[in-house]
Amino acid sequence: MTKSSASTSLTDAIDVATVLAFRLPMLMMTPNATRQREAERMIAEKVQAAWDGTLAWQAYCMKASLMMWSNPPSADSFADAYEAWVAPGRRTLRANARRLSARKRI
């Protein structure tokens, strides 16, 4: 694991803990309109990130297959395909961590 991937993994872990710390108590409370919207947003964001990740992975694979003759695949190709796949989810995770930690509790 390189230094950049280790620090990215650590940042992701901290962001996951932040999002869970704000969302889990909210989901366990008595439902109201604000909590309902947040729960719906949470589900919609996960579906959107999965879809965007799949499209990004497919685009990467298509581009790599077209460039195969001029740029043969290497061991880094698998890591690059993985990064293309997780990048949309990572962006959503970081945005949620910032948004949830900056707002008032509901």
Query raised in the report: Scanning for something under 16 Å from the mean Cα position of the chain (by Cα) and more than 25 Å from SER101 (Cα to Cα), does the range 5-16 turn up at least one residue?
Result: no
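Among the residues of the range 34-46, is any surrounded by 11 or more Cβ atoms within 10 Å (Cβ to Cβ), part of a helix (DSSP H, G or I) and of a type in the set (Ser, Thr, Tyr)? So that I can check it myself, show each step before the final result.
Applying the first criterion (surrounded by 11 or more Cβ atoms within 10 Å (Cβ to Cβ)) to the range 34-46 yields 35, 37-39, 41-42, 45-46.
Narrowing the set further to residues that are part of a helix (DSSP H, G or I) leaves 35, 37-39, 41-42, 45-46.
Now restrict to residues that are of a type in the set (Ser, Thr, Tyr): none.
The answer is no; no qualifying residue exists.
Can you spot a residue in the range 58-72 that is closer than 20 Å to SER101 by Cβ and modelled with pLDDT of 85 or more?
Restricting attention to the range 58-72, the residues satisfying the condition of being closer than 20 Å to SER101 by Cβ are none.
No, the range 58-72 contains no residue that is closer than 20 Å to SER101 by Cβ and modelled with pLDDT of 85 or more.
Can you pull out every residue in the range 16-35 that is closer than 17 Å to THR92 by Cα and not polar (S, T, N, Q)? Break it down stepwise before answering.
Taking the range 16-35 and keeping what is closer than 17 Å to THR92 by Cα, we get 16-23.
Answer for the range 16-35, where residues must be closer than 17 Å to THR92 by Cα and not polar (S, T, N, Q): VAL16, ALA17, VAL19, LEU20, ALA21, PHE22, ARG23.
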Query raised in the report: How about the range 47-65: which of its residues are within 17 Å of ASP80 (Cβ to Cβ) and free of Cβ contacts under 8 Å to residues at least 24 places away in the same chain?
Result: LEU55, GLN58, CYS61, MET62, LYS63, ALA64, SER65
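The values are calculated or read from the model by the stated rules, or taken from the named source; none is laboratory data. Values in this document were obtained by computation on a predicted structure and should not be read as measured data. Using ideal geometry, Cβ is built from the backbone for each residue, glycine included, and neighbour counts are taken over all protein chains shown.
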